[in-house]
Amino acid sequence: MRPETRHSIVLTGGVGLTAALAVLYTVYAGRLLGPAGYADFTAAVSLVAMCYIALGPINGTVARFTAQYAHHDQYGKVLTLAREVTRRVAWYGLLGIGAGLLVVRPLTQVLRFESGRTLLVAYGLIYLTLLLNVPRGVLRGVQRFGQLNVNTVAEAGVRLGSGVVLLHLLRTAVAGLFAYVVGLAVALAASVFQLRRIWRGHAPQALDGAEVRRFTGPMFVMMLTAAAFQHADMLFVKHYFAASVAGVYGAAFTLARSITVLFTPFQTLALPLLTTLYEQGEGRSGSFLRVSGYFLALAVGPVLLFWLWAEPIVVAFYGADFRGGAAYLLGITAARIAGFLAELIALLHITRGSFRFLYIYLSGLLVEMIALLVWHGTLATVVRVMLLAQTATVAALVLHLALGARGRPASRSGPR
């Protein structure tokens with residue numbers, strides 16, 4: 001069995017269970033909070049998720065260099081990398097929270113949150129997610145996907161259990177969000193023990209920090225763009241539409257995000273797998289096409305379900321009050337798929353340290369943002385604009401990839 005196939009199966013199982021627990025919780029929250037309360041909950045989760053993706057370069061950078069060091073049996077460098085990145089993340093994260101406190105009131109008004117406490121809890125979630133990005137990046141880089149599954153499933157399970165209790169006692173968006181804090185804290189504690197097994201017996205080794213920093217900057221741009229592609233529509237809707245309408249859209253948005261369950265295993269796998277192949281001097285095109293093909297093949301199922309039975313699905317999960325969201329479910333899902341394909345192409349580029357694709361990626365996002373500012377009269381218009389912009393972006397990236405492949409060496413070998 002090919003490595004990408006074996007790892008894909010392991011990751012799909014873990015991500016599937018994690019996502020099932022996550023969906024159970026978000027649906028439970030929606031039923032208890034109602035459309036208006038769920039609009040606050042969904043917008044806050046979307047804001048955190050957007051920051052999580054935007055800060056994904058921490059995970060991606062750690063995974064990429066961990067894969068490189070592990071290939072050359074330099075686990076002392078992995079230890080040094082994890083410690084140094086954690087120290088910087090903890091410090092800069094605190095500075096970020098301090099800056100965020102200055103804009104709590106205006107941001108609360110822009111997003112129409114009922115309380116500023118919603119943002120304060122969201123800040124806590126972002127900080128814990130920042131810290132957790134490091135150990136999960138290490139697990140990803142050494143391709144210990146079973147241990148990564150344990151970590152993510154534990155987080156989702158603790159979140160569900162604590163969230164049911166919190167929402168039963170306090171039916172507020174803040175209470176629902178605090179369950180995420182509990183889950184992340186438990187996962188972060190567990191990761192400490194998981195990492196000790198990786199570098200046990202290895203002393204810290206010096207590494208080229210300049211190389212890591214050169215890689216990190218463009219990675220931040222790439223992941224910030226990916227985050228905006230995936231979540232800007234929800235924030236636009238939260239700002240421009242009434243809370244009850246935004247809550248209905250939020251239900252469709254959340255169900256469409258279930259496609260993330262199918263994408264996450266391949267996103268998690270692609271970077272360390274393709275980096276390892278690059279370090280070994282082997283071709284990456286075949287593995288990239290198989291990984292992309294697996295994702296598209298799995299995505300057919302949800303697309304058919306949302307096409308044929310959108311309304312029954314929305315009503316079954318959220319109740320009759322959210323019925324209107326069915327009209328947007330398929331369009332949002334299609335946009336997510338296009339965005340994920342663009343992200344896979346981006347990962348293929350960065351495994352060899354090339355970021356020229358960012359000109360196309362950023363241009364696509366700029367077009368979408370301008371179009372949404374001009375055309376947002378109805379929810380249907382928002383969905384159409386988003387779908388067209390993201391489809392055009394992935395098409396441009398495919399063309400760029402095909403043209404750039406001509407005459408380019410597929411790989412290189414040898415340690416750095």
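The values are calculated or read from the model by the stated rules, or taken from the named source; none is laboratory data. Please read all numbers here as calculations on a predicted model, not as lab measurements. Counting neighbours? That spans all protein chains shown, and the Cβs are built from the backbone with ideal geometry, glycine included.
Annotations
- Taken together, the criteria exclude Pro302 from residues that are farther than 22 Å from Leu388 by Cα and out of contact with any strand residue (DSSP E or B) (no Cβ under 7 Å at 6 or more places or on another chain).
- Filter pass, His202 being in contact (Cβ under 8 Å) with a residue 60 or more places away in the chain and assigned to a helix (DSSP H, G or I): no
- Residue identified as exposed (fewer than 14 other Cβ atoms within 10 Å of the Cβ) and either touching a Phe, Trp or Tyr at 6+ places or on another chain (Cβ under 7 Å) or not small (Gly, Ala, Ser) (or both) among Leu304, Leu341, Leu372: Leu304
- Residue count, the stretch 48-64 (criterion: buried (at least 24 other Cβ atoms within 10 Å of the Cβ) and either within 18 Å of Leu131 (Cβ to Cβ) or in contact with a Lys or Arg (Cβ under 8 Å, 6 or more places away or on another chain) (or both)): 6
- Considering residues of the stretch 257-282 that are hydroxyl-bearing (Ser, Thr, Tyr) and closer than 18 Å to Val27 by Cβ only, the residue surrounded by the most Cβ atoms within 10 Å (Cβ to Cβ): Ser258
- When the test is whether a residue is buried (at least 20 other Cβ atoms within 10 Å of the Cβ), in a helix (DSSP H, G or I) and modelled with pLDDT under 80, Thr254 does not pass it.
- Selection from the stretch 205-242 of residues that are assigned to a loop (DSSP other than H, G, I, E, B) and either of a type outside the set (Asp, Glu) or modelled with pLDDT of 85 or more (or both): Gln205, Ala206, Leu207, Phe241, Ala242
- Checking Leu81 against (1) within 30 Å of Leu166 (Cα to Cα); (2) surrounded by 21 or more Cβ atoms within 10 Å (Cβ to Cβ), the condition it does not meet: (1)
- Residue identified as in contact with a helix residue (DSSP H, G or I) (Cβ under 9 Å, 6 or more places away or on another chain) and under 14 Å from Phe263 (Cβ atoms) among Leu358, Leu344: Leu344
- Within the stretch 135-159, considering residues that are of a type in the set (D, E, K, R) and at pLDDT 90 or above, the one farthest from Val181 (Cα to Cα): Arg136
- Per-region count, the stretch 235-251, residues surrounded by fewer than 24 Cβ atoms within 10 Å (Cβ to Cβ) and in contact with a Pro (Cβ under 9 Å, 6 or more places away or on another chain): 3
- Residues that are touching a helix residue (DSSP H, G or I) at 6+ places or on another chain (Cβ under 9 Å) and within 17 Å of Ala402 (Cα to Cα) within the stretch 287-302 comprise Ser287, Phe288, Arg290, Ser292, listed in sequence order.
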